[in-house]
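Shown next, in structure tokens, is the structure this report addresses.
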């Protein structure tokens, strides 16, 4: 990384044009007449504030004095003073090197800057101006010292005064080195009011030196003051008095001698109390750093505040001579220079990236220094400096999308490096300071991870606000009607791909899964919005489906980026994928569709109940003779299916069973209601009277009274056995119900086929599911069949046992058989059959007529075997009974136009098997009965014949059937047998 950033200078040299302007002394002096206001700091100085009000210009003048003094004391030649007039005259000829060796180098002799190369700064590359002679160029040449004066904004008058004072100091101190004298004290001693243009300037100068003494010896001393020492207090009093009234600085002046004594006593102190040649007056923190800051600022061109001068190597070489006075070293120099470069970049509007790259390269040196430097003062300055730099860097990195783009990614890389290095050094410095064994952590990885997540969150919410604003505007203009979250999903996807292309390749140097972290953050941000959206959904709408589709697409994009970014990672990207719990848009869609289905089904059930309440089952309502309510219900079912397949989803096949099963239940409910209350076979069949015996003597005399009584009783019984008498359950209404169920049954097949067609043409085309749809609505279809059967049976038994009970149950064979035959019953039955044939649907007509036939056969047998005491049969009645039954079967045959012969034969078998019993001799019947009873009951029937129960299954071999034939036999033998065996009564 360091090499990559250090080498920027070579590549940038190609991109930038060289500076071709030579800085002349005159131009520089004019530019420095007033120092440029580029030091207006936007960042607080990390070195700390001075406890006295020394201005920057005062500190700068002090720094210049120390610099000149340091160069004088380390030079190989004595420092000489040249008057201003002499200096002006010499400037017209070849320059005389009047300064010390260290200050007299010509600018034109400067070689390529090693410092610039090391820091990655491009060279301004001064060139000989076209047409310029060598003599002219020599005239423009100037010494490093002169250039430094200009760079620091020191006037020629001040420079002359400083040099004059230093000459006097040198003469007075007999060549003592700069670190062995208290420069402000000596300057106070050597310069008089006459050396200044006016008294005011002299007094200001004196106050500055006194404040310097106060700052260096009292407020910011290198060695802490001894509380028992009175010198500090006396010095304060002298300074306070001198600030109010100018101090007399004559050599023999008493106050000056007192000042010198106190100053030297404080400045000559050492940590171990030993004698030392080095005097401490400007090496306490932060005074030394603030003075040194003024020196380093001179490295910047006064004509171009963002440019480091070409002579920076020589300037720094001179500046380093002040280290002995200021208590500086290479590590403190690196730290100070780092701040100067960085702060200049910030203060000048962050326009010159070279300064930041140079600061970053110097920061790498500071990182090395921090590992070996354990001085607490250094650690404190290091911490505050890096905190300021890190604060600036993180302000940008925590929202890097606001500051960087595709055209300045190189700058982003540098800012990240600065931020990461600063954080890393601070972590290590803290661990050293507290001697902690810190857990090994990757600071760079953690910081960059934080930057990515923070910036992406910020970018996400900015995009969201932008989309909201745009949506409000477009809604007013009735433009883009896409839902908010759909637009947001598209913009987030664009942001994710932009992040992957622009920023992730840079950030990957510190965080291998940078793109994965970015998309995981976006996934989480969008997921939170989606979750709130989903929680507020009441019902499924096209907009909601559009949002969920957009969310699903976004998630696929984000996961794809994460997977691609994680190919080479140790865990294959599992840690990132774990951060991206699925939106489960399909699950949300599924739940919404299920809710939609439930709503539709609830509505369908309401319609079913409402239509059933209004339904009167009138077959005349339409020509098809089925209920209008069924048409309405089937229409709603069809609409529900149509609407379901219009939903823009891809999971029709998976959710279709939920809808069809629900429809199936609703239709079952309709079918159940359609047949409820209509009765069954047992509803209309009268209960059997108790067994009794009869005799030929009592048959005629008591028959009519018994008949009348019996008719009333059975009539009442018949009424009890029927359903309520409202108009919904008449024969026409029952026929309408049968037709309705048949219509529904037919339409169910149509619905199933239409559903399969929809399914095969939908997005979720799945053949095996479509093929399985043949079973759709099977419960309703089965319920229709069962309902039709029940209604046909109920209709038949209602006709026979309710509507025709007066001619069957109450009339047939009551009294004399010959006078109460079947003809009246057949006449009325034929009318009912005509009504049924005209009313019921063709496909169920045969079934209804068949059920009527079965009911009539049951009724005929019930008259013969359970007709009550009003009926009695002789052997001679057999012919009449057999003939009547033939008339009954002929009615249903209807000369071939009625029911098929084999169907009539099938259901008449039982009657035909029982009729021969009515012309079987009584004794033979009794023997058959005894035998069958013994067969049924075994040895228990030998002593006494048990009374066989009524099974309802009539058969010539069934004991109860034989017993009933005997009970209705008008025969003395039968009566005696029944009297003797079971003591049956003659009447009820």
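The values are calculated or read from the model by the stated rules, or taken from the named source; none is laboratory data. Note that the coordinates shown come from a computational prediction; the quantities given were computed from them, not determined experimentally. Here the Cβ positions follow ideal geometry from the backbone for every residue, glycine too, while neighbour counts run over all protein chains shown.
Data table
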item: Failed item, numbered, when residue 747 is tested on (1) surrounded by fewer than 18 Cβ atoms within 10 Å (Cβ to Cβ); (2) under 30 Å from residue 653 (Cα atoms); (3) modelled with pLDDT of 90 or more; result: (1)
item: Residue in region 500-517 that is closer than 30 Å to residue 600 by Cα and loosely packed, with under 14 Cβ neighbours inside 10 Å present; result: no
item: Wholly within region 154-257, helices (runs of 4 or more DSSP H) carrying at least 1 residues that are loosely packed, with under 15 Cβ neighbours inside 10 Å; result: 156-173, 199-213, 231-244
item: Test: residue in region 913-920 that is in a helix (DSSP H, G or I), touching a residue at least 40 places away in the same chain (Cβ under 8 Å) and within 20 Å of residue 984 (Cβ to Cβ); result: yes
item: Residue 907, sole failed condition from (1) without any contact (Cβ under 8 Å) to a residue 12 or more places away in the chain; (2) more than 19 Å from residue 965 (Cα to Cα); result: (1)
item: The listed residue being within 59 Å of the chain's Cα centre (by Cα) and closer than 25 Å to residue 350 by Cα, out of 329, 303; result: 303
item: Single residue of region 862-872 satisfying the filter (in contact with a helix residue (DSSP H, G or I) (Cβ under 6 Å, 6 or more places away or on another chain) and under 21 Å from residue 924 (Cα atoms)) that is surrounded by the fewest Cβ atoms within 10 Å (Cβ to Cβ); result: 865
item: Contacts under 7 angstrom Cβ, first residue in region 501-530 being free of Cβ contacts under 8 Å to residues at least 40 places away in the same chain, partner buried (at least 19 other Cβ atoms within 10 Å of the Cβ), 6 or more apart; result: 508/514
item: Only one of 843, 821 that is under 60 Å from the mean Cα position of the chain (by Cα) and surrounded by fewer than 21 Cβ atoms within 10 Å (Cβ to Cβ); result: 843
item: Residue within region 960-968 that is outside any helix (DSSP H, G or I) and more than 30 Å from residue 833 (Cβ to Cβ) present; result: no
item: Qualifying residue in region 572-580 (condition: within 15 Å of the chain's Cα centre (by Cα) and within 25 Å of residue 655 (Cβ to Cβ)); result: no
item: Exclusive hit being at pLDDT 85 or above, assigned to a helix (DSSP H, G or I) and over 30 Å from residue 775 (Cα atoms), set 682, 715, 672, 698; result: 682
item: Per-region count, region 145-184, residues within 60 Å of the chain's Cα centre (by Cα) and modelled with pLDDT under 90; result: 0
item: Leading residue by the ranking (farthest from the chain's Cα centre (by Cα)) among those in region 536-548 that are within 12 Å of residue 592 (Cβ to Cβ) and part of a helix (DSSP H, G or I); result: 542
item: Where residue 606 falls short, out of the listed (1) more than 21 Å from the chain's Cα centre (by Cα); (2) surrounded by fewer than 13 Cβ atoms within 10 Å (Cβ to Cβ); (3) not in a helix (DSSP H, G or I); result: (3)
item: Within region 345-401, tally of residues that are outside any helix (DSSP H, G or I) and under 21 Å from residue 455 (Cβ atoms); result: 3
item: Total residues in region 643-657, condition surrounded by fewer than 17 Cβ atoms within 10 Å (Cβ to Cβ) and either closer than 21 Å to residue 779 by Cα or in contact with a strand residue (DSSP E or B) (Cβ under 6 Å, 6 or more places away or on another chain) (or both); result: 2
item: Filter result for the condition that a residue is assigned to a helix (DSSP H, G or I) and in the same structural domain as residue 738 (by TED's automatic domain parsing), over 812, 888, 826; result: 826
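So that you can scan it fast, the table gives a plain yes or no per residue for (1) surrounded by 21 or more Cβ atoms within 10 Å (Cβ to Cβ); (2) closer than 19 Å to residue 491 by Cα:
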site: 548; (1), (2): yes, yes
site: 560; (1), (2): no, yes
site: 567; (1), (2): no, no
site: 582; (1), (2): no, no
site: 594; (1), (2): no, no
